1. Taking GluC sites (Glu not before Pro) as candidate sites, keep only those in a DSSP loop with at most 13 other Cβ atoms within 10 Å, then name the longest stretch of the chain containing none of them.
2. Report in % the part of the accessible area of segment 24-65 that belongs to carbon and sulfur, leaving out ligands and nucleic acids; probe 1.4 Å.
3. Can you give the FRET efficiency for Gln98 and Thr240, using 1/(1 + (r/R0)^6), R0 = 30 Å, r = Cβ-Cβ distance, to the nearest 0.05?
4. With the other protein chains left in place, how much accessible area per residue, in square angstrom, belongs to the chain at a 1.4 angstrom probe?
5. Bins of 20 Å, beginning at zero and ending with the bin holding the largest distance: percent of Cα pairs per bin for the chain, please.
6. Given the rule -39500 (n - 2.57) for each run of at least 4 DSSP H residues, summed and divided by the residues of the chain, what is its mean residue ellipticity at 222 nm, to the nearest 500 deg cm²/dmol?
7. Assign unit charges at the C-beta atoms only (+1 for Lys and Arg, -1 for Asp and Glu), then state the dipole size of the chain relative to its Cα centre in Debye, rounded to the nearest 20.
8. Could you tell me how many degrees, from 0 to 90 and to the nearest 10, lie between the Cα long axis of helix 56-65 and the main elongation axis, the longest principal axis, of the Cα atoms of the chain?
Amino acid sequence: MAAAALEDDPPIAVANYGAGALPTDLLYCILLRLPADEVRRLRLVCRSWRSLTSDPHFARAHLSRHPQVVALHDNRHVVHVVDLISGGKVLKRVHLVQKSLGLSTQHDALCVSQVLGQAYVLDLAAGTAMANITAKQETSEWRTSTTPTTMIGRVPSTGEYKLLRVRSYPSGTPSQTCQTMTLSEGCDGTWRNRPCPPLPIIHSSMALVAGVVYFLVNAARVEPDSITSFDLAKEEWRPTTLQGPLTSLRASTKTNFMCSVSRSQFQLSVLSDCLVTVHCNYNNSSADIWFLVDMDKPVWSKKYAMRCEPFGMYPRHYRPLEVLDDGRVAVLVEGARIVRAYDPRTSLWTDMARLKDYCSITMYHGSFLCSGAHG
């Protein structure tokens, strides 16, 4: 039985005005303004339009102007690819047979985590399955663990796609386990046991940069912005815990301001291919975005200090998704399920897309116009 099915819109009718060809540069600019699904349908006009819109350079330029997210519907049986610039237009639908729990993306690949440790990996651009992973563990093992966190990543040196899965056992020893799987031709769905995380991780806060998966640490003996990391190429945890931005700032300024800071105020994300830590300051309703510029020292740079709405009794995490081509930052306000754009020049916010019907949202950097043309 197929685990998922893609649904494409039917082609649109294109009028033939017979008025001669548009200049290529003008046509290029016009097509860049259209959502990806409309550009794909306009390929039916003629061979030259198809050639232009299939070019990797065009595809990357289009993707930079049309940031997209992959979102799991509240019914947990449908995944939508959504264009943020067009106000939340659905570009593609993926129907899932089994109930799904979470999403992870890397370039064209989408990993859908399902119940009992099952997962489905799809190449969204090509519309083909990469892996359908069934659970081989005993049912009793899953009854004693929480829902696992599964992330897909690509090893830069080899181009291999790998899955990383971490499970927690509330009353077990060890408290967390780690497994990996390489997605290659003939993949049999066998997980490899790897060393346990050196410190307990927070499942909901992780980020992938250059083949390394970063997690916020959940341990009383370390600072609340501490980070541990897993190297997908070596398939091992890095031995050193990375100091977060506020801990590093305290060390350099000899100032103790961490006593009033909690772990719930931090989360990890990726912007411009850099690891960033977001600090939501509940006292003054602000969200600071710190970029890691030197891992060895470590050195963090606060590039954005966003004034936000009052957080109120139930704090809303502000998760940055993308730096737009006009310099604004697309931010997911998770509690409100809305993507807003923050302009650092004016400190003003504008709504981009309301995603009220989705329970899991992540960026998609693949392109429907040309497979392999990643953003």
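The values are calculated or read from the model by the stated rules, or taken from the named source; none is laboratory data. None of the values given here were measured: they were computed from a predicted structure. Positions of Cβ are generated from backbone atoms using ideal geometry, with glycine treated the same way; all protein chains shown enter the neighbour counts. Heavy atoms of the whole protein, side chains included, go into the accessibility calculation; ligands, DNA and RNA do not. Shrake-Rupley method; radii C 1.70, N 1.55, O 1.52, S 1.80 Å.
1. That would be 186-375.
2. Working: 1320 of 2430 Å².
Carbon and sulfur atoms account for 54 percent of the accessible area of segment 24-65.
3. Given R0 = 30 Å and the Cβ-Cβ separation, E is 0.15.
4. 48 Å²
5. 27, 57, 15, 1
6. Details: 6 runs with 48 residues, N = 375.
The helix contribution divided over the chain gives -3500 deg cm²/dmol.
7. Details: 39 positive and 33 negative charges, 107 e Å.
Roughly 520 debye, rounded to the nearest 20.
8. Compared with the principal axis, the helix lies near 60 degrees.
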